Each structure stands twice: as C-alpha cells, then as structure tokens.
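What follows is a short report on a single structure.
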Amino acid sequence: MPGNIFAKKVQVHEIFKDERFLYPEFVPERMPFREPEVDSLVFSLHPVLQGKKPQNVFVCGKTGTGKTATVKFVLNELQQYSDRAKGLYINCFQLNTRHSILTQISNFLGDATPRRGIATDEAFAKMLEALKHTSFIPIVVLDEADQLLHDKEASKLFYDLLRVVEYGKGRFGLIFISNLSNFVALLDDRVKSSLSEQTISFESYSPSQLKEILNQRAQYAFHSGALGSEAINIAAAHAAKLGGDARIAIECLFRAGREAEKENSEKLEIKHLQKIFSEVDSRALQKAISYLSIAEREILGFVPATKAIASGELFKAYSKASKKPLTQRRFRTLISELEKKQLITAKTTVKPPRGRTRMILLAFPKNKLELTDKN
C-alpha cells in the first residue's frame with residue numbers, strides 16, 4: 001500500500017513568521033491613522049467608568065476603512081482598563097433577526113436562552129430579567145447593522161434596545177456599524193428620536209496610509225528579507241485603485257505569501273501578487289454584492305455592463321418589474337450608494353431634450369452578478 005500522502009517531505013521556504021497578523025479578525029495593538037475616531041469612541045463610552053450610560057454611537061464608512069477593527073480595539077482597551085463594561089460583538093449578516101439578536105444578548109448576559117422554542121417577546125423578557133442581575137454595563141456592537149433592515153421587526157428590536165433604561169433594567173450601550181452613511185435616516189421615526197447617537201465617519205485610506213499599514217503588518221507577519229522591494233507598494237496601489245480598502249491590501253499580501261510558499265520561492269515577488277489579484281478582487285466583489293439590500297440587487301440587475309443607461313430609463317425599467325417599487329428619491333439614494341461602493345459608474349452628462357442626466361453602467365462584468373445570485 002502507498003504511504004500516507006502527508007508523510008512526503010515538502011521543501012518550503014518559510015515566507016511567514018506569523019501569518020495571524022494578516023488574518024481578517026486580527027486587531028492590532030494600535031490603530032494607525034484612526035486616532036480621531038478612537039478619541040471620539042472613547043469620549044462616547046467614557047461615562048461607563050462612572051457607572052453611567054454610554055452614548056449610543058453610529059459608525060459609518062466604506063468597506064476596509066477600519067470601522068470594525070477600531071471599535072474592537074477601543075472595547076478591548078476599555079475592558080482591560082475597567083470591569084464596569086463588557087462588549088458583545090454581533091455580525092448582523094450572520095444574525096439578522098430580532099429573535100436571534102435578543103437570544104444572543106441574553107446568553108451574553110448569563111441567561112441560557114435557546115434560539116428555538118420560545119417566542120420573541122419571551123426572549124426579550126428574558127434579556128431584561130438577565131440585565132437586572134448583571135454587574136457590568138453591556139456594550140452591544142451591531143456590525144453590518146443595515147442587514148437588520150430586511151427584517152420586519154427590526155424597528156421594534158432597535159426601539160426596545162434603546163428603551164432598556166426606561167424599563168428600569170439598568171444601563172446599556174449600542175454601537176451601530178454600517179457601510180451606509182444614511183443608515184440612521186432609514187430607521188423608524190420612533191427609533192431615530194430615541195437614538196441620540198454620536199456619528200463617527202471613517203474616510204478611505206490614502207495610498208501612503210495603506211503602505212504604512214502594510215509595512216506595520218508585514219514587520220510581524222513575514223520573515224526578514226521575505227518581501228520583494230516593491231511588493232508592499234504594488235499591493236497598496238492595487239487596494240487604493242479599488243477605493244482604499246485596507247482589507248483587500250492585507251489579503252493580497254496574505255494570498256501572495258501563500259502563493260510564494262507554494263512555489264517554494266525565497267521571496268514574495270510582484271509576480272505572486274499579480275497571480276492572486278483577480279481572485280482577491282472577485283471575492284471582494286462577491287462579498288460586496290452579498291451585503292446589498294434586495295432593492296439594490298434588483299437595481300443592479302437592470303444596469304447594463306456595456307452601454308450606459310440614463311437614470312430615468314433605469315428607474316422606469318426597475319419600477320415596471322419590481323413588486324415593491326421605490327420612490328424616485330429613494331431610488332436616487334440607492335444609486336448614490338451603489339456608486340460609493342464602486343459597483344456602478346454614474347456620470348452626469350447633457351442629453352437633449354431633457355438636459356442633464358446620469359448615465360449608469362455596471363463597474364464589473366454582468367456574469368459576476370449572475371454567479372453571485374446562483375450562489
């Protein structure tokens with residue numbers, strides 16, 4: 001019988017010293033270029049040190065601008081400094097219903113609440129009861145919070161969480177994270193009036209900032225001399241071209257490092273980066289599309305990939321086919337959001353006889369959208 005395939009000795013030049021520094025979930029010991037955002041978060045959460053209710057926070061910005069990492073960094077620092085607060089991070093792309101969020105919070109507070117077999121209102125009552133016996137102030141982070149807008153009970157969830165203090169059940173902090181800058185505007189009026197949030201906006205990283213971030217990660221992730229002279233510059237430039245997404249820049253280094261080890265190369269070179277760019281870009285595109293609302297995905301389905309369509313014509317085509325058509329104002333807002341996410345281009349032009357109009361075109365091949373829908 002042949003021997004075990006893993007018994008064969010494989011010669012590999014070790015590129016990585018500790019690849020964990022390039023993992024998506026890694027939180028660095030400091031947040032470069034995010035000092036003002038860190039200070040704003042600290043100010044909003046500082047009341048918990050006196051046992052008071054923290055200010056609710058809305059964190060917004062494009063993908064890869066350090067929103068999640070910054071929030072996790074500040075919460076880690078807070079928990080190391082004081083035992084008066086504990087943070088619960090919830091990714092709403094994974095847990096996106098009122099029931100699942102409430103049971104997650106209840107379990108965090110020490111009440112073993114099952115996710116199935118109880119009514120949602122009962123789960124909420126259990127959460128309130130558990131909160132009465134909690135010795136710390138919970139800071140609940142709802143990342144990708146816009147995903148909750150797809151749930152019909154989302155407004156009730158937000159409203160109930162915001163009014164926990166009024167129930168006399170103790171103090172409670174909320175941090176919403178979203179790529180949508182207008183997320184708060186989409187909330188129910190009752191929720192908006194109770195939120196009283198501090199908004200912290202994250203701008204995209206510049207090419208020079210991306211280089212510095214990669215240099216700091218590479219110092220710990222790679223062995224000395226394992227990076228070609230231009231590797232970091234090329235990875236940073238590629239991410240800058242895609243909107244300044246630090247996650248893409250970091251993933252490019254990680255994937256290219258794996259490719260270099262696979263080839264038993266002594267260094268990560270430009271050729272290794274060039275091999276993985278299309279794969280990384282495709283994964284980023286699929287993720288961006290998967291995070292879209294139903295309306296955004298429907299709109300994309302009517303946007304051509306070769307010949308631009310006027311905004312008015314696109315609105316008519318979408319409204320005619322959609323079961324839940326949007327107002328023109330909401331439609332224009334979603335077009336702007338899709339443009340910010342670099343999924344479409346929207347160039348303003350003069351088109352007789354109507355004058356100025358926006359010409360809309362897909363920013364990626366149409367078959368990529370079709371493949372994502374099938375998945």
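Tabulated data
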item	result
Residue count for the stretch 262-297, restricted to those that are assigned to a helix (DSSP H, G or I), within 30 Å of Leu148 (Cβ to Cβ) and either at pLDDT 90 or above or of a type in the set (Phe, Trp, Tyr) (or both)	1
Residues of the stretch 327-354 classified as among the hydrophobic types (A, V, I, L, M, F, W, C) and closer than 14 Å to Leu292 by Cβ, total	5
Flag if Leu78 is in contact (Cβ under 8 Å) with a residue 24 or more places away in the chain, assigned by TED's automatic domain parsing to the domain that holds Leu45, buried (at least 17 other Cβ atoms within 10 Å of the Cβ) and under 19 Å from the mean Cα position of the chain (by Cα)	no
Failed item, numbered, when Phe158 is tested on (1) closer than 18 Å to Phe93 by Cβ; (2) touching an Asp or Glu at 6+ places or on another chain (Cβ under 8 Å); (3) in a strand (DSSP E or B)	(3)
Condition met for Gln342 (in a loop (DSSP other than H, G, I, E, B) and touching a residue at least 40 places away in the same chain (Cβ under 8 Å))	yes
Verdict on Asp39 being at pLDDT 95 or above and of a type in the set (Asp, Glu)	yes
Enumeration of residues in the stretch 298-340 that are among the acidic types (Asp, Glu) and surrounded by 17 or more Cβ atoms within 10 Å (Cβ to Cβ)	Glu298, Glu337
Residue within the stretch 343-363 that is of a type outside the set (S, T, N, Q) and in contact with a Phe, Trp or Tyr (Cβ under 8 Å, 6 or more places away or on another chain) present	yes
Unique match (being part of a helix (DSSP H, G or I) and either over 20 Å from Asp18 (Cα atoms) or without any contact (Cβ under 8 Å) to a residue 40 or more places away in the chain (or both)) among Gln209, Gln216	Gln209
Condition check for Lys192: closer than 30 Å to Thr333 by Cβ and either under 24 Å from the mean Cα position of the chain (by Cα) or crowded, with 19+ Cβ neighbours inside 10 Å (or both)	yes
Search result, residues across the stretch 16-65 that are of a type in the set (D, E, K, R) and surrounded by fewer than 18 Cβ atoms within 10 Å (Cβ to Cβ)	Lys17, Asp18, Glu19, Arg20, Glu25, Glu29, Arg30, Glu35, Asp39, Lys52, Lys53
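The values are calculated or read from the model by the stated rules, or taken from the named source; none is laboratory data. These figures come from a predicted structure and were not determined experimentally. Note: ideal-geometry Cβ built from the backbone for every residue, glycine included; neighbour counts use all protein chains shown.
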